Structures are given as structure tokens and as C-alpha cells.
Amino acid sequence: MLDMHSIATVLLACAGSALAQNFSNDGNYGAPFPNTVYPGFASDNPVVIAGSKTNQTSPPQYPSPWGAGSGDWASAYQKARAFVSQLTLEEKVNLTTGTGWELDRCVGQTGSIPRLGFRAMCLQDSPVGVRDTDFNSVFPAGINVAATFDRGAAYARGQAMGEEHHGKGVDMQLGPVAGPLGRTPEGGRNWEGFSPDPILTGVQFAESIKGIQSAGVMTSAKHYIGYEQEHFRLVSDSETYGFTIAESGSANFDDETMHELYLWPFADGVRAGATSIMCSYNQVNNSQSCQNSYVLNHLLKGELGFQGFVVSDWIGTHSGVASILAGLDMTMPGDSAVYDSGDSYFGANLTVAVLNGTVPAWRLDDMAVRIMAGFYFVERNTTTRGPINFSSWTTDTYGYEHYYVGEGWTEINSHVDVRGEHASLIRSIGARSTVLLKNVNNTLPLNGKEKLTAVFGNDAGPNIDGPNSCSDRGCDNGTLGMAWGSGSANFPYLVTPDTAIQNTVVAAGGAYESSLDNIAVDTMAALARRANVSIFFANADSGEWYIEVDGNLGDRNNLTLWQNAEAAIDAVAGNCSNTILVVHTTGPVLLEKYENHPNITAILWAGVPGQESGNSIADVLYGNVNPGAKLPFTIGKDRSDYGVDILYTPNAAVPQINFEEGVFIDYRAFDRHNETPTYEFGFGLSYTTFAYSDLHITKMNVSDYVPFSGYTPAAPTYGNFSTNPADHVFPSNFSRVPLYQYPWLNSTNLTLASKDPHYGLPGSVPAGAQDGSAQPIPKAGGAPGGNPMLYDVLYRVEATITNTGSVAGEEVPQLYISRGGPYDPVKELRGFERLSIAPNSSTTFSVDVTRRDISSWSTGEQDWYVRNTTKKVYVGSSSRSLLLQGVLA
Ligand code: NOJ
């Protein structure tokens with residue numbers, strides 16, 4: 001008997017045995033999560049819950065739920081169903097399949113439906129701006145948006161990015177990011193996302209989605225799920241670096257950690273109306289994320305009631321039928337395991353699979369309806385949307401429409417300037433995301449009248465080859481305005497700290513010199529001796545695994561500063577008793593020795609701020625902006641304090657990345673292990689001071705939780721098609737673009753049409769996978785985001801925040817809850833607000849505490865429940881400054 005891996009190979013693989021090997025480690029047929037004692041708790045009163053361990057498997061969950069148009073999606077579904085009802089089999093397939101890498105203008109492009117005047121859909125990176133084009137803006141990274149703790153900033157940035165994508169003819173922006181969440185501080189792509197805290201990430205993720213989609217552009221909220229490190233994400237990338245692995249690394253985690261940590265922000269994203277979710281490169285419990293029926297069918301489309309579509313990460317699809325039955329709706333960029341292979345797991349092979357009944361017609365209809373529902377959900381219009389006016393593969397004006405194969409010479413770039421007035425927003429978010437960590441005796445703000453201001457560090461200056469000279473920003477030359485990988489975009493300009501501070505000082509009548517070569521430590525020391533104030537800029541960079549920078553394969557190798565900065569800082573601080581340190585980093589760096597250094601009078605974390613970098617930091621240094629940001633992660637004293645690390649060397653042929661720490665990452669780990677950090681999560685100073693008083697807790701009158709119960713209708717189908725293969729071959733006289741993915745068959749013989757020599761061998765599909773009858777809805781489900789009763793407000797917590805200083809400022813009061821269970825974190829963030837308060841004035845901080853906020857996940861019940869424990873509530877200015885306390889009673 002063949003298992004699903006074989007089925008996928010038999011029916012759909014186009015490249016023979018090389019592709020077949022890719023299925024050998026997929027664990028879709030494994031037993032349910034094994035029960036085990038939670039690692040680390042064995043000596044406590046042991047609790048048996050699902051565990052995280054090597055070779056863990058993921059339970060099968062079929063059939064793939066069909067979209068119902070629930071929640072706000074009713075009208076989008078109505079339009080999508082009407083549209084899809086008109087389509088032929090091939091036209092539906094065209095919506096699901098990318099046309100191939102570099103074969104059209106966008107990083108991902110679907111097929112088109114010329115008969116209805118429906119042009120291809122353009123899918124384009126990135127989470128910081130429109131990638132691979134010109135006259136676009138580069139926005140502050142997600143990690144900076146997290147540091148603002150300001151919902152409005154997340155929404156406004158999202159809307160501005162959406163407008164820019166819209167202006168370029170993009171249908172779907174590939175972002176925002178909630179995976180990686182930030183399990184390990186070295187994680188290469190943490191900066192694309194927000195924070196290792198799931199609540200902060202969930203809020204900013206949801207606001208970003210709403211903002212982008214308000215501009216009429218779909219989002220692809222990514223990467224789902226467990227994509228917490230770059231190492232071993234793909235076999236091909238690994239080979240480049242000399243690692244031999246058999247399959248993508250597997251993130252192994254338990255059910256409770258899944259729900260209470262990693263899935264949490266995705267629930268917020270789905271509730272906010274995310275139109276698509278991108279499945280990730282890694283495996284989850286030894287089943288590929290893009291063909292894992294448990295995470296796609298059950299968690300995402302079942303429990304979270306996701307109404308949009310699932311798109312693969314690029315070359316993240318590993319099979320056809322297996323992935324489709326497990327919940328994948330669209331494959332990108334369309335090619336099978338190898339870019340420009342000319343083969344696809346979808347395309348013509350999907351047509352074959354529907355004709356031979358392996359993929360039920362209702363499943364293809366559901367894929368097409370979900371995709372078109374996303375399109376209509378953001379109010380795109382099939383006929384009036386603008387053209388795609390750029391090419392990802394060249395910024396020349398003329399070039400090839402089908403770039404990779406050199407066909408279709410045309411005017412390919414219109415160089416449309418889409419930046420609008422976004423520069424001021426970028427500058428403002430850059431400043432409002434800068435965290436003031438140390439400020440001895442009010443060193444800051446400076447007034448510009450310092451007699452000689454000296455600026456130091458490679459990170460203060462330009463990349464002398466130009467801000468875009470390294471492909472996808474894959475180098476660390478000059479100031480770090482953006483990190484590397486597909487999450488980048490081309491700078492329209494990059495204002496360096498050197499330029500902006502010089503302009504400020506000169507305008508105020510001061511003298512200014514800078515020394516920007518970290519190797520020239522003696523030169524720096526000599527300048528520092530003469531300076532009245534020294535400002536040192538240092539950085540630490542990271543990115544995506546396909547680029548190596550300075551020996552870092554995406555993930556950072558350590559938590560230290562780059563480019564000889566540490567020796568250079570010692571030289572400067574050793575010679576100037578008023579040294580200010582600014583760090584541009586993609587996550588935590590070790591700062592303990594600078595916190596303790598008597599000559600370092602101020603420290604600021606400025607993150608990855610985008611094109612206005614220099615102006616943003618000058619605004620903070622000179623007091624135009626009073627800092628109000630808070631750390632979105634913990635800065636520990638030592639790397640080992642985090643308790644988790646990247647798996648840098650394969651521990652098995654299929655690397656096993658065991659999330660043994662469970663929910664205890666970042667501050668949850670520091671609290672659990674009683675580690676004192678240098679700067680805690682949520683910490684940040686201001687040029688003024690705040691007092692906290694008058695905690696009030698109001699219990700709301702809400703009915704008891706009711707687990708969802710009910711059934712879906714049977715799977716609907718839209719339109720008919722002929723089952724005669726002769727009706728699905730290429731139209732006569734059709735001129736094909738080489739390597740392009742088409743939905744038509746090469747032959748009326750399905751064996752030949754599939755190009756698979758094994759076609760027709762007996763196989764099996766998972767039990768229930770083709771069943772289109774009414775299905776039960778999970779107890780925790782029932783609406784986008786999960787059971788609506790989870791969002792009932794149970795308590796309102798209020799406190800008074802007073803500005804006790806002499807200047808206006810912004811404060812972020814934070815609400816933490818201790819759920820009180822023996823295996824719960826000491827406390828968890830559950831609410832925050834960025835408040836602007838005038839001197840000697842007070843404002844009320846108010847948080848609605850929902851049922852979800854105090855619930856725990858029951859692996860036995862497969863539902864949320866409120867444990868019978870005392871729930872403490874804290875309001876404070878950081879995760880360790882809990883100034884007010886009460887009990888939720
Ligand atoms: C791979 C990356 O993981 C993903 O984030 C990106 O959107 C695609 N490539 C397309 O560039």
C-alpha cells in the first residue's frame with residue numbers, strides 16, 4: 001500500500017525520482033501528538049501534556065475545510081462565487097498556480113483569465129516596502145513598529161505601504177510577518193516581524209494587515225508556522241553551505257505552546273481579515289508546513305475559521321495532491337522543487353488530478369473561491385485595477401516581459417513614483433521607535449550648542465558604493481537602515497546619522513567632525529579626546545539564509561556588535577567622558593558592559609529604521625521628539641540567559657529543532673529562571689517622568705463560555721466541466737512561453753499528460769480527504785479568529801498615568817496578568833497603550849481584558865478554559881516595573 005507521499009509522487013510529480021525523495025520524511029500519517037512530561041518540569045508535580053521532542057509527528061486532519069463566507073466575508077464570498085461559477089477548469093487552475101520564477105514581472109504571478117479580461121495577480125515583497133523596484137519608500141522594520149507600542153503607527157505604516165503597492169499595480173503585499181516570532185534572539189528574520197511577545201506581535205500584525213488592506217491590497221501574512229530559524233529551512237540552501245540534510249528542519253512543538261504562543265498572533269491576523277497566509281519552509285512536527293493537514297486544515301481553517309487562502313512560500317510546496325488535500329490553495333512561484341524547472345506540482349498536474357478524481361472538484365472550487373474572496377475582500381476590481389508598471393528583474397525602462405527566457409521585449413518599467421508624503425511618517429516612526437535605555441544626569445537631549453560634536457562608527461555613515469549596491473542589502477556597509485533578504489526594498493535615498501547630525505549641529509552654530517572607520521581606533525581616540533560630546537553608532541545585522549554576510553548564514557552567530565565596533569567603542573569611551581552609544585540592530589545585543597561604563601552617559605536602541613534613519617535619530621538626540629518607545633524584547637546580560645539557541649549544526653538527517661522550552665522564551669524565560677537582564681522587555685526611558693496611581697478593576701457582566709458546536713454545510717461546487725481529457729489539451733496554434741506553467745494537458749492520455757512514468761499505479765489518499773459532506777466545526781472555532789466568546793470582555797482595568805516632569809511626553813503603560821497555574825509564565829503582557837501626556841496632566845489608561853486573555857489551552861478538551869486560580873493583574877512601565885497590582889475577581 002502506498003502512502004500519501006507516494007500518491008503525491010505517482011499522480012503529480014513531474015521530475016521523477018529526484019522529486020520523489022522529497023516526500024520520504026513527511027510525517028502526515030503519524031500518530032497524534034505523543035503525551036510526555038513537559039521538559040524542565042519533571043521534578044515539579046509532573047503534568048502530562050503534549051511534548052516537544054525529536055521525531056514528533058503531526059496528526060492527520062481531513063477534509064480541508066471549505067470557506068463559508070463567515071464574519072465580514074459574506075459579500076466577498078458572494079462575489080467570488082459568482083466569478084468562479086463562470087470559470088472553466090483551466091481558468092480555476094490558473095488562479096492557483098504561479099507562472100514560474102522570473103517568467104513574469106512580479107516575484108509571484110498567477111495565471112490570467114483573458115476571456116474575462118482578468119489580468120494575472122501580482123504578488124510582491126516586502127514587509128518594508130515594494131521590493132525590487134524604484135521610487136518606492138523604505139519603511140521602518142516590523143521590530144521598530146513593535147517598539148512604538150503604538151497601534152496607530154502600525155496601521156498608518158500599513159496603509160502607506162499598501163498605497164505604494166497599489167500604485168505599482170501589486171495585488172498582494174507579501175507581509176506582514178508574525179513568524180518568526182523571535183524564539184531565539186539570533187533569529188535572522190526576527191526584524192521583519194515584531195516581537196517575541198505574542199500579544200504585542202498579534203496587535204501590530206493585525207493593525208498592519210488592516211492598514212495595508214485599507215489601501216485595496218491583499219496581504220500575505222507569513223510565515224506559518226514555527227519558522228524560527230534560517231538554518232536548515234530548505235535542502236537547497238543547506239547544500240550551498242555544505243550541509244547535507246535530507247529534508248527541511250522540523251520545528252517540534254506541543255499543542256499548548258502552539259496555541260498559547262506561536263498561533264496566537266495568527267489568530268489576531270485572521271480575525272483582522274488577513275486575505276492570505278503564507279505557509280513556511282520548515283516542517284512542523286516532521287510534516288512540511290505547506291502540506292501539514294494539522295496546521296492548515298485543522299488549526300488554520302478549522303479552529304481559526306480562516307476564510308482566505310494559503311499560499312506557499314517560494315518553492316515551499318513539496319507535492320501536489322498531498323498539499324492540496326492538506327489545505328494549500330496556491331503554489332508559488334509555480335515551479336516544482338527547482339526554480340525554472342518547467343514543472344509544477346499544480347498547473348497541468350492539478351487539471352489531471354481533478355479529471356481523475358484524486359482532487360475533488362469541490363476542493364479546486366474552494367481554492368479558487370478563497371483566492372477570489374481575498375481579492376474582493378479588499379475591494380479590488382477585476383477590470384479597473386491599474387496595470388503592473390514595473391519589473392522585479394530589472395530597473396531598466398525596456399526589458400523582457402518573460403525575463404528568464406528572454407521573450408517579449410517591451411517597455412517594462414514606468415518608474416512610477418509612489419512615495420507620496422510618506423517620508424514624514426517614516427521619519428516619525430523611526431524616532432518614535434527609538435528606545436532610550438540609559439541617560440545619566442539628563443545627558444540627553446543635546447541642544448546643538450556643544451562646542452565640538454564628534455560622531456563615530458561605520459554605522460553612522462553611508463555605504464560608499466551606494467545604499468542599494470549590495471543585492472537585497474546583503475552586506476553590512478555603512479549605517480543599517482534595513483537588514484538583508486527578501487524582506488528588503490530599494491532605498492530612494494538613505495539619510496545617514498552623519499549627515500543629519502552634522503546638519504543639526506552646523507545650523508546651531510557648533511563644530512562637527514566625524515570618524516567613520518571602526519578599524520582606525522587611534523584616529524577615533526584622538527578625536528574623542530577633543531570632543532565635548534561623542535556619539536558612537538554601532539550595529540548588528542541579520543537576514544535571510546540565501547545570503548551570507550560576514551560568516552552569518554542569516555541567523556546571527558552571536559549577540560555582539562559588528563565591524564570591530566566593540567574595540568572602537570572602547571577607544572572612544574576611554575577618551576571621552578560624555579560618550580553616547582546608538583545601536584542599530586535586528587534584535588538584542590549584549591550591552592551590560594556599556595550600561596556599566598562610567599563614560600557612556602546615554603544608550604539608545606534605534607532598530608532598523610528605514611530611509612530617514614539619520615533624521616529620526618537626530619530628532620531624538622536633540623529633543624524634537626521625546627522618546628517614548630519600549631523594548632520589544634529582552635536585552636540579557638549573557639547569551640546563555642535566553643535559554644534557547646539556534647540549531648547551527650544538523651542533529652539528524654532531518655534536523656530536529658525541539659522547542660523544549662515551551663512558552664518560555666524572552667521575558668517568560670528570564671522570569672522563570674530568575675535571570676536579571678540588562679534591560680527588560682517593555683523598558684524605555686523618556687525626557688520626562690511619569691507616576692502611576694488609582695488602579696480600578698471592573699468586572700463585566702458576561703455569560704459563561706459555550707464551546708462552539710455545529711456543522712458546516714456540504715462542500716459546494718461552482719460550475720461543471722467535461723471529464724474528457726480531449727477537452728483539456730492545449731488549444732491549437734497556441735504559442736507557449738518556454739518553462740511557463742499552463743493548466744492545459746500535453747496529451748489526451750493522462751499518463752503522458754502528467755509526465756509521470758508511475759502514473760496509474762495504485763495508491764491511496766488519506767481517510768476522509770475527499771469527503772465533501774457536512775463537517776463538525778471545532779469547539780474553539782466558529783468565526784475568523786476562533787470562538788467569538790473568547791473575545792468577550794470580562795474585566796476593565798484602569799489606572800491613572802501622570803506626567804510629573806516639565807516637558808510633554810509619551811508613555812506606554814503595560815498590563816500584565818499572572819494566570820496563576822503551576823506551569824504558567826510568571827506574568828504575560830495582555831494590554832498596552834501609547835499615551836501622550838502634557839506636563840502636570842493625567843490620563844486614564846484603560847484595558848479590556850478578554851476571556852482569551854485569562855484562558856489556558858486544554859490539550860484534552862481541545863478548547864480554551866479558565867483555570868480555577870487567582871489571576872493577578874499588574875500595571876507598570878515595563879515587565880519589571882510593576883507599579884500597581886490587583887486581583888481579577
Ligand atoms: C522567500 C521568503 O521566505 C518569503 O518571505 C518571500 O515572500 C518569498 N521568498 C518571495 O520572495
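Can you name the residue in the stretch 214-236 that is of a type in the set (Phe, Trp, Tyr) and assigned to a loop (DSSP other than H, G, I, E, B) and, of all such residues, is farthest from the ligand (Cβ to nearest atom)?
Per the stated criteria, the residue is PHE232.
Of the residues ALA326, ALA361, only one is at pLDDT 95 or above and crowded, with 24+ Cβ neighbours inside 10 Å; which?
ALA326
Report whether or not GLU239 is away from the ligand (no atom under 15 Å from the Cβ), without any contact (Cβ under 8 Å) to a residue 24 or more places away in the chain and open to solvent by 10 Å² or more (accessible area, probe 1.4 Å).
yes
Tally time: how many residues in the stretch 639-649 are out of contact with any strand residue (DSSP E or B) (no Cβ under 9 Å at 6 or more places or on another chain) and either modelled with pLDDT under 95 or part of a loop (DSSP other than H, G, I, E, B) (or both)?
5
Would you check which residues across the stretch 121-148 are more than 16 Å from the ligand (Cβ to nearest atom) and in contact with a Ser or Thr (Cβ under 9 Å, 6 or more places away or on another chain) and list them?
Scanning the stretch 121-148 gives ASP134, VAL138, PRO140, ASN144, VAL145, ALA146, ALA147, THR148.
Taking the stretch 90-119 on its own, how many of its residues are open to solvent by 10 Å² or more (accessible area, probe 1.4 Å), among the hydrophobic types (A, V, I, L, M, F, W, C) and under 30 Å from ASN724 (Cα atoms)?
Residues that pass the stated criteria total 1.
Please pick out the residue among ASN552, ASN564 that is at negative phi and of a type outside the set (A, V, I, L, M).
It is ASN552.
Before we move on, is TYR38 open to solvent by 40 Å² or more (accessible area, probe 1.4 Å), among the aromatic types (Phe, Trp, Tyr) and at pLDDT below 95?
no
So which residues in the stretch 437-484 are surrounded by 22 or more Cβ atoms within 10 Å (Cβ to Cβ) and either at pLDDT below 95 or assigned to a helix (DSSP H, G or I) (or both)?
If the condition is that a residue be surrounded by 22 or more Cβ atoms within 10 Å (Cβ to Cβ) and either at pLDDT below 95 or assigned to a helix (DSSP H, G or I) (or both), then ASN458, ASP459, ALA460, ASP472, ARG473 are the ones that fit.
Among the strands (runs of 3 or more DSSP E) lying completely within the stretch 533-624, list those that include at least 1 residues that are among the β-branched types (Val, Ile, Thr), at pLDDT 95 or above and over 17 Å from LEU437 (Cα atoms).
On the way: elements: 533-540, 579-585, 600-605.
Where strands (runs of 3 or more DSSP E) fall fully within the stretch 533-624 and carry at least 1 residues being among the β-branched types (Val, Ile, Thr), at pLDDT 95 or above and over 17 Å from LEU437 (Cα atoms), they are 533-540.
Of the conditions (1) touching a Leu at 6+ places or on another chain (Cβ under 8 Å); (2) within 16 Å of the ligand (Cβ to nearest atom); (3) open to solvent by less than 10 Å² (accessible area, probe 1.4 Å), LEU200 fails just one. Which one is it?
(2)
Under 7 Å between Cβ atoms, which residue pairs at least 6 apart in sequence (or on different chains) link something in the stretch 686-705 that is closer than 20 Å to VAL887 by Cα and touching a residue at least 40 places away in the same chain (Cβ under 8 Å) with a partner that is open to solvent by 50 Å² or more (accessible area, probe 1.4 Å) and assigned to a loop (DSSP other than H, G, I, E, B)?
Here the result reads TYR692/LEU883, each pair linking the stretch 686-705 to a residue that is open to solvent by 50 Å² or more (accessible area, probe 1.4 Å) and assigned to a loop (DSSP other than H, G, I, E, B).
Can you name the residue in the stretch 385-401 that is open to solvent by 20 Å² or more (accessible area, probe 1.4 Å) and aromatic (Phe, Trp, Tyr) and, of all such residues, is farthest from VAL737 (Cα to Cα)?
TYR398
Any chance the stretch 856-872 includes a residue that's open to solvent by 60 Å² or more (accessible area, probe 1.4 Å) and of a type in the set (Val, Ile, Thr)?
Yes, the conditions are met somewhere in the stretch 856-872.
Only one of GLY169, GLY211, GLY158 is away from the ligand (no atom under 16 Å from the Cβ), touching a Cys at 6+ places or on another chain (Cβ under 8 Å), open to solvent by less than 10 Å² (accessible area, probe 1.4 Å) and not β-branched (Val, Ile, Thr). Can you tell me which?
Values: GLY211 fails: touching a Cys at 6+ places or on another chain (Cβ under 8 Å); GLY158 fails: touching a Cys at 6+ places or on another chain (Cβ under 8 Å).
When all the criteria are applied, what remains is GLY169.
Which one is farthest from the ligand (Cβ to nearest atom) among residues in the stretch 486-509 that are touching an Asp or Glu at 6+ places or on another chain (Cβ under 8 Å), in a loop (DSSP other than H, G, I, E, B) and not polar (S, T, N, Q)?
VAL495
Has the stretch 780-789 got at least one residue that is in contact (Cβ under 8 Å) with a residue 24 or more places away in the chain, out of contact with any helix residue (DSSP H, G or I) (no Cβ under 6 Å at 6 or more places or on another chain) and of a type outside the set (A, V, I, L, M)?
Within the stretch 780-789, one or more residues are in contact (Cβ under 8 Å) with a residue 24 or more places away in the chain, out of contact with any helix residue (DSSP H, G or I) (no Cβ under 6 Å at 6 or more places or on another chain) and of a type outside the set (A, V, I, L, M).
For LYS637, only one of the following conditions fails: (1) under 24 Å from PHE681 (Cβ atoms); (2) buried (at least 20 other Cβ atoms within 10 Å of the Cβ). What is its number?
(2)
Does ALA511 satisfy the condition of being surrounded by fewer than 23 Cβ atoms within 10 Å (Cβ to Cβ), at pLDDT 95 or above and not hydroxyl-bearing (Ser, Thr, Tyr)?
yes
Output the number of the condition that ARG183 fails; it satisfies all remaining conditions of (1) more than 14 Å from the ligand (Cβ to nearest atom); (2) open to solvent by 10 Å² or more (accessible area, probe 1.4 Å); (3) in a helix (DSSP H, G or I).
Result: ARG183 fails condition (3) only.
Scan the stretch 516-565 for residues that are of a type outside the set (Asp, Glu) and within 16 Å of the ligand (Cβ to nearest atom) and report the count.
Qualifying residue count for the region: 7.
The values are calculated or read from the model by the stated rules, or taken from the named source; none is laboratory data. All values reported here derive from a predicted model rather than from experimental measurement. We place every Cβ from the backbone using ideal geometry, glycine too, and count neighbours over all the protein chains shown. We work out accessible area using only protein heavy atoms, side chains counted, and drop any ligands, DNA or RNA first. Shrake-Rupley method; radii C 1.70, N 1.55, O 1.52, S 1.80 Å.
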